[in-house]
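To start, the structure under review is shown below, and the notes come after it.
The values are calculated or read from the model by the stated rules, or taken from the named source; none is laboratory data. All of these numbers come straight from a predicted model, not from anything done at the bench. To get the accessible areas, we keep the full protein, side chains included, count just its heavy atoms, and leave off ligands, DNA and RNA. Shrake-Rupley method; radii C 1.70, N 1.55, O 1.52, S 1.80 Å.
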Amino acid sequence: MEAKLFFFAIGWWLCCYHPWTNVHGEYYSSVEQMRKLLKLEESLVASLGQYIKLHEQKIEFLHRQRDLLEKELKKGLKDDIEYSSNPVSAFLMVNRLVNDWERLRAFMDMDVGAKLQNTTEMPTHEDLIGVVEGLARLQDMYELNAKEMASGKLLDRTIGRQLKTAECYEIGNKLTAAKSYRHAVSWLRESLRLWTMDSPGVSKVEVMNALSYALSHQGEYEEALELTQKVLKLQPDNQRALNSKEPLEKWIEYKKQHGLPPPVPEPYVKNYPSLCRGDDQRPAKELAKLRCRYEHNRTPFLQISPLKLQEVNHDPMIVMYHDVISNKEIDAIISISKPLMHRSMVGDDHEKAVSKTRTSSNAWLDDVMHPVVRTLSQRTEDMTNLAMTAAERLQVGNYGIGGHYLPHYDYAVAEEGKEVYPSIGKGNRIATVMYYLSDVAIGGATVFPQLGLGVFPQKGSAIFWYNLHANGTVDHRTLHGACPVFVGSKWVGNKWIHERGQEFRRSCELDPKV
């Protein structure tokens, strides 16, 4: 009886049910946002307990569902940052909230007098696609395959449970929807490998059809046709396979005569993936010249409280300051930022947009908002000896699942006759200071592809470099990127300093190397 009710509800939902209105929350773009989903799921589980009391006919089925959901929820609540930032558990959580809870809600709304209540926006299919795209980035950056990720064990640590056939199929389908066909193929292959007669939620024919479609977009027409023919042996009237057979045969003939077009180049700058994996590419003799020291003679304050400076690179000079922001100050900065977080954008003052090259959320903090923000500005001045009258507001960022920022420059190149950063009006970004506000378990390095170096986050530290040469021209060697976060919640605070007002702090030289 319960099973009949459930499947009747599914059919009714597909035909008649209109899901509640969603605002695109883009939860996947920030681990902090993802943590909210655990609280959301906790409230849904609690209201489900109340709902069960009103429906004795459904109680056994709903109890089983609740027990399964609570079991997974307890794992997440035990360590919410670890769970929310873990790419596998993050996918499972968003998939439950986007699909499973929607079906449960439709089932429960049949002739009922009570409904599930939630005050937090539900995640959307866009969030689900964002999570699986993060999985694909992690596969590229850290040379992982779908079989490893689906196993729940990676890099000598457990990151989740073994994924099921239907879950791998869902990931593959979402990657196909995102036109990431190469990764879709790997997940659909894993789904087919795991499939048995007892696999719930998806048939073997569905998996083979989906894999055939993804393979065809990779130019693997022969294997795609072979799968289609297998489907037709199992189901001679399968319409999807029948519609695919003839086009695939034509594409095979075309491939024999004309070959395939050249593959699309990878979107990653040379050295970026290997640096993200921790491969420092500088010669040993260059590394041997780097030193650590105390910085104490720049300002009177530093004579009392010197800074711990580590040389990261000499030309261009990149340094890292350690223990420059306390845990108490970090907690205050993050607490102020959380309610102000919005999806990070790329572009200049005239045209900014959301981009897949940067998956994070950020907030902008003025010095007047809190004493800690003012203190951090003063500390930045002590560290850099640059005037904060030409500095931008503090930008606090939190990266999401597989969160990254592809290699880019912090400076801008103006069009002829136009000024860079006209809304600020203080010239180009002469320097960058990035505070690391959290440790990251795996991934999340800041890398400089042209220099062959990477810096991994250390909570309480800050990295500093000049974006411009001493003569004011741009330094192309400062190309840098934020590597995908594998496990952990990466928080950073960026302080960009502009050139006007620095004339007596960093004098302009004809020789750019002075």
- Message: So if I take the centroid of the Cα atoms in the range 182-219 and the same for the range 258-303, what is the distance between those two points in Å?
- Response: 39 Å
- Taking only the alpha carbons of the chain, what extent do you get along each of the three principal axes, in Å, biggest first? 80, 66, 47
- Using the heavy atoms of the protein chains and a 1.4 angstrom probe, tell me the accessible area per residue for the chain in square angstrom. 49 Å²
- Message: Can you work out the Karplus-derived ³J(HN,Hα) for every residue in the range 35-43? Use 6.51 cos²θ - 1.76 cosθ + 1.60 with θ = phi - 60°, whole Hz, and x for glycine or proline.
- Response: 4, 4, 5, 5, 5, 4, 5, 4, 5
- Which of the lysines could a cross-linker bridge to residue 78, judged by Cα under 26 Å and excluding same-chain residues fewer than eight apart? 36, 39, 153, 164, 328, 338, 459, 490
- Task: Project the alpha carbons of the range 375-435 onto their principal axes and report the range along each, largest first, in whole Å.
- Result: 40, 31, 17
- Message: Counting only helical runs of four or more DSSP H residues, what would the 222 nm mean residue ellipticity of the chain come to if each run contributes -39,500 (n - 2.57) and the total is spread over all its residues?
- Response: -13000 deg cm²/dmol
- What list of ³J(HN,Hα) values in whole Hz, one per residue of the range 410-423 in order, does the Karplus curve 6.51 cos²θ - 1.76 cosθ + 1.60 (θ = phi - 60°) give from phi, with Gly and Pro shown as x? 7, 7, 10, 10, 7, 5, 4, x, 10, 9, 6, 6, x, 5
- Within the accessible area of the range 385-514 (1.4 Å probe), percent carbon and sulfur: 51 percent
- Does the range 158-222 come out rounded, prolate or oblate, given a ≥ b ≥ c as the square roots of the eigenvalues of its C-alpha gyration tensor, rounded meaning a/c under 1.5 and, failing that, prolate meaning a/b above b/c? oblate
- Out of residues 5 or more away from residue 474 or on other chains, whose amide H comes under 5 Å of its own, with H placed 1.01 Å from N in the peptide plane? 469
- Note on the structure: On the accessible surface of the range 125-258, probed at 1.4 Å with all protein chains in place, carbon and sulfur together account for a percent value of 49 percent
- Item | Value of Rg to Rh for the range 300-344 (Rh from inverse mean 1/r over Cα pairs, i.e. Kirkwood) | 1.15
- Relative contact order, percent, of the range 125-258 when contacts are C-alpha pairs under 8 Å separated by at least 6 residues? 17 percent
- How fast does the range 125-258 diffuse by Stokes-Einstein, in µm²/s, taking the Kirkwood radius from C-alpha pairs at 20 °C and 1.002 mPa s? 138 µm²/s
- Task: Compute the Rg to Rh ratio over the range 295-412 from the alpha carbon atoms, using the Kirkwood formula for Rh, and round to two decimal places.
- Result: 0.98
